[in-house]
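Taking it in order: structure first as structure tokens, then the write-up.
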Amino acid sequence: MKKIIGIILSIITVIIIGYFLFVYYATFSDGFRSGELIKISHKGVLFKTWEGEISQGVSESQRFSFSVESSDKEVIDLLIDLQGQEVKLTYIERFATFPWLGDTKYYVTKVERTKIE
């Protein structure tokens with residue numbers, strides 16, 4: 001009986017670890033978005049995450065919301081400096097997310113300024 005319980009617990013553990021690894025490392029898509037950076041904030045109660053938005057047009061429906069992993073300090077600093085300017089974002093889209101990584105499934109990995117004033 002103990003052997004069966006041990007095997008079942010081992011299988012459950014492998015499935016849970018596999019799920020976490022899949023959600024974190026597997027990407028659904030990647031791409032680029034550009035627009036005016038209108039928001040970058042560090043928010044949350046239990047888990048503080050970096051969240052942002054770019055405006056891709058005139059209407060409210062043309063906004064792209066994204067998250068940035070806290071470990072990506074260079075991207076966060078650049079986004080803070082480029083607030084209110086035109087930017088090009090390189091992002092990945094994950095199948096799902098965890099609360100400690102961000103609110104969205106879109107994670108910015110690189111940011112560039114598109115208009116030099």
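The values are calculated or read from the model by the stated rules, or taken from the named source; none is laboratory data. This one's a predicted model, so the numbers in the text were calculated from it and none came from an experiment. Glycine gets a Cβ as well: all are built from the backbone with ideal geometry, and neighbour counts include every protein chain shown.
Listing for the model above:
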quantity: Any hit, the stretch 44-52, residues being surrounded by 11 or more Cβ atoms within 10 Å (Cβ to Cβ), touching a Pro at 6+ places or on another chain (Cβ under 9 Å), more than 21 Å from residue 95 (Cα to Cα) and of a type outside the set (A, V, I, L, M); calculated: yes
quantity: From 88, 115, residue being farther than 22 Å from residue 44 by Cβ and either among the hydroxyl-bearing types (Ser, Thr, Tyr) or part of a loop (DSSP other than H, G, I, E, B) (or both); calculated: 115
quantity: Output for the stretch 77-104, where each listed residue is more than 19 Å from residue 115 (Cα to Cα) and modelled with pLDDT of 90 or more; calculated: 91, 92, 93, 94, 104
quantity: Extreme residue, nearest to residue 80 (Cα to Cα), among residues of the stretch 29-63 that are without any contact (Cβ under 8 Å) to a residue 24 or more places away in the chain and among the aliphatic types (A, V, I, L, M); calculated: 45
quantity: Cβ pairs under 9 Å, 6+ apart, first in the stretch 74-103 and farther than 15 Å from residue 49 by Cβ, second among the acidic types (Asp, Glu) and not in a strand (DSSP E or B); calculated: 85/117
quantity: Residue 40, sole failed condition from (1) under 12 Å from the mean Cα position of the chain (by Cα); (2) at pLDDT 90 or above; (3) among the β-branched types (Val, Ile, Thr); calculated: (1)
quantity: Subset of the stretch 56-110 [more than 17 Å from residue 39 (Cα to Cα) and among the hydroxyl-bearing types (Ser, Thr, Tyr)]; calculated: 71, 97
quantity: When residues of the stretch 105-117 are limited to those that are exposed (fewer than 12 other Cβ atoms within 10 Å of the Cβ) and of a type outside the set (A, V, I, L, M, F, W, C), the one modelled with the lowest pLDDT; calculated: 117
quantity: Contacts under 7 angstrom Cβ, first residue in the stretch 1-28 being within 13 Å of residue 94 (Cα to Cα), partner surrounded by 10 or more Cβ atoms within 10 Å (Cβ to Cβ) and of a type in the set (Val, Ile, Thr), 6 or more apart; calculated: 27/92
quantity: The stretch 66-85, residues that are within 11 Å of the chain's Cα centre (by Cα) and either more than 17 Å from residue 42 (Cβ to Cβ) or among the β-branched types (Val, Ile, Thr) (or both); calculated: 68
